[in-house]
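S.K.: Before we start, here is the structure in question, set down as structure tokens.
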């Protein structure tokens, strides 16, 4: 497994100013070479442009810290 693949890892970070913790459910390389992760959150977060809390987010590699 490559070191950019973080499926199943516990992660934390900030998403548009909101702190989060969760588990990576998918790792992928986007067109252009940047790595993106789908993170299932332990606790949903509220985003100012959404009326409902979100429980799954897409985050680029620079926005994550592996716990």
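The values are calculated or read from the model by the stated rules, or taken from the named source; none is laboratory data. Please read all numbers here as calculations on a predicted model, not as lab measurements. Ideal geometry is used to build each Cβ from the backbone, glycine not excepted, and the neighbour counts take in all protein chains shown.
S.K.: Assess whether residue 42 counts as being assigned to a helix (DSSP H, G or I) and either without any contact (Cβ under 8 Å) to a residue 40 or more places away in the chain or closer than 20 Å to residue 8 by Cβ (or both).
M.R.: no
S.K.: Now for a separate question. Surrounded by 15 or more Cβ atoms within 10 Å (Cβ to Cβ) and in contact (Cβ under 8 Å) with a residue 12 or more places away in the chain: does that describe residue 23?
M.R.: yes
S.K.: Restricting attention to segment 13-22, does a residue exist that is more than 8 Å from the chain's Cα centre (by Cα) and assigned to a loop (DSSP other than H, G, I, E, B)?
M.R.: Yes - at least one qualifying residue is present in segment 13-22.
S.K.: Any idea how many residues of segment 30-39 are assigned to a loop (DSSP other than H, G, I, E, B) and modelled with pLDDT of 95 or more?
M.R.: 0
S.K.: Just to be sure, is residue 62 in contact with a strand residue (DSSP E or B) (Cβ under 7 Å, 6 or more places away or on another chain) and exposed (fewer than 13 other Cβ atoms within 10 Å of the Cβ)?
M.R.: No.
S.K.: Is there any pair linking a residue in segment 51-67 that is without any contact (Cβ under 8 Å) to a residue 40 or more places away in the chain to one that is outside any strand (DSSP E or B), with Cβ under 6 Å and at least six apart or on different chains, and which?
M.R.: Final answer for the pair search is 53/46; 60/34.
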